[in-house]
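Okay, so here's the structure we're looking at.
Read-outs: derived from the displayed coordinates by stated rules, not from any lab. What you see is a predicted model, and the numbers here were worked out from it, not measured in a lab. FYI the Cβ positions are ideal-geometry reconstructions off the backbone, even for glycines, and counts take in every protein chain you see.
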Amino acid sequence: MSRAPRPPAAPDAEGFGGPRPVVAVVGPTGSGKSELAIQLAERLGGEAVNADAMQFYRGMDIGTAKLPLAERRGIPHHLLDFLSVREDTTVARFQDLARTAIADIQSRGKLPILVGGSGLYVRAAVDRLDFPGTNPAVRARLEDRLAADGMAALMARLAEVDPVSAARINDARRVVRALEVYELTGRPFSSFMPEREYVQPTVQIGLNGDRAELHRRIAARVDHMVAAGLAEEVAALVQEGLREGRTAGKALGYQQFLRVLDGRATVTAAAGETIVATRQFARRQLTWFRADPRVHWLDWDRPDLPDTAAALVCALPGGSPA
């Protein structure tokens, strides 16, 4: 069970000379982020903060590779399971929740370890980023236009007003959001992504390795999900409103296995489609995190991985346990 974030308190700096730094373990899906985060937490007195947007959802366990409670080895995990599949959240809300959780962990002299592959969510937690507001009427109008005119029409408009975002964005929801921001503020959405600057001392540790091995890991992970009951999990979540949610039903694996429930795909075909889509997602994750020069990249297969990662953390003031 996840721990709900508590309101921030003044950091208990005993033994550290100030609050402990923030650690972010990042990289593509299947690279071993969750295990490394637990190893660091065990060595350095830490707690994990989830930054995988699909693990926010209750009941989405098998298809998101959410660590079962028994495999967390007693390490508290924050920001898991706080949304129903009908609900949505925003990066701005996550920023508030993540920073509250981080402050709570630091107030108890513990090391906050952010772990996940949702790049914008990681940046929102660790960097100085402000997020513009929303307007339901403007959002609805843009979504109606998307339904009537298609993605190409909105992309053409975005290319006119914000070519930087148009070159980066490749999904309909983010195009709608970028155009909404422009209409509300008169500023391109890309202008709200300033230079990279941490809000407090932080170290990002990126995991990467052989590409063929990553593909093998992804395929094995999907096969395990299918064997563990992904189709049954999706069927149960349909009863909870999976189809009605704007985000949850589009998650990797869930979107493909909804087609199995509808009789439009076999389990074998859906698994194959999930493997391909996950490979593509992993490639986008790598592109995102490689663009950040502050990430310290480590090979996931190196035998001294936990030692090397811990040394990176301990190099920061307060990184070592008291």
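Values for this structure:
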{"read-out": "DSSP bridge orientation in the chain - percent antiparallel, rounded to nearest 5", "value": "5"}
{"read-out": "GluC sites (Glu not before Pro) restricted to region 216-267 and DSSP loop, no more than 15 other C-beta within 10 Å", "value": "Glu244"}
{"read-out": "Restricting region 241-322 to trypsin sites (Lys or Arg not before Pro) in coil, as DSSP defines it, with at most 11 other Cβ within 10 Å", "value": "Arg246, Arg264"}
{"read-out": "Exposure proxy ranking, count of Cβ atoms within 10 Å, fewest first, for Val267, Val23", "value": "Val267, Val23"}
{"read-out": "Region 121-187, dipole about Cα centre (Lys/Arg Cβ +1, Asp/Glu Cβ -1), debye to the nearest 20", "value": "160"}
{"read-out": "Full-stretch length increase - Phe192, Ala227 - with 0.36 nm per residue and alpha-carbon distance subtracted", "value": "8.3 nm"}
{"read-out": "For a label point 7 Å along the Cα-to-beta-carbon line of Phe131, residues of region 179-211 with backbone N under 20 Å", "value": "179-200"}
{"read-out": "Centroid-to-centroid separation of region 204-273 and region 156-171 [C-alpha atoms, Å]", "value": "29"}
{"read-out": "Simple label model, 7 Å out from Cα along Cβ direction - Val238 to Asp144, nm", "value": "3.1"}
{"read-out": "Ascending count of other beta-carbon atoms within 10 Å, so fewest first, for His77, His224, His215", "value": "His224, His215, His77"}
{"read-out": "The chain, dipole about Cα centre (Lys/Arg Cβ +1, Asp/Glu Cβ -1), debye to the nearest 20", "value": "280"}
{"read-out": "Neighbourhood net charge (12 Å Cβ-Cβ; Lys/Arg +1, Asp/Glu -1) for Ile275", "value": "+2"}
{"read-out": "Rel. contact order, % - alpha carbon contacts under 8 angstrom, at least six apart, the chain", "value": "28"}
{"read-out": "Computed helical MRE - 222 nm, the chain, DSSP H runs ≥ 4 contributing -39500 (n - 2.57), nearest 500", "value": "-15000 deg cm²/dmol"}
{"read-out": "Least to most buried among Ile169, Ile75 (fewest other Cβ within 10 Å first)", "value": "Ile75, Ile169"}
{"read-out": "Hydrodynamic radius by Kirkwood, which averages 1/r over all alpha carbon pairs of region 154-300, in angstrom", "value": "18.2"}
{"read-out": "Lys/Arg +1, Asp/Glu -1 at C-beta; the chain dipole; positive extreme among Val276, Trp300, Gln106", "value": "Val276"}
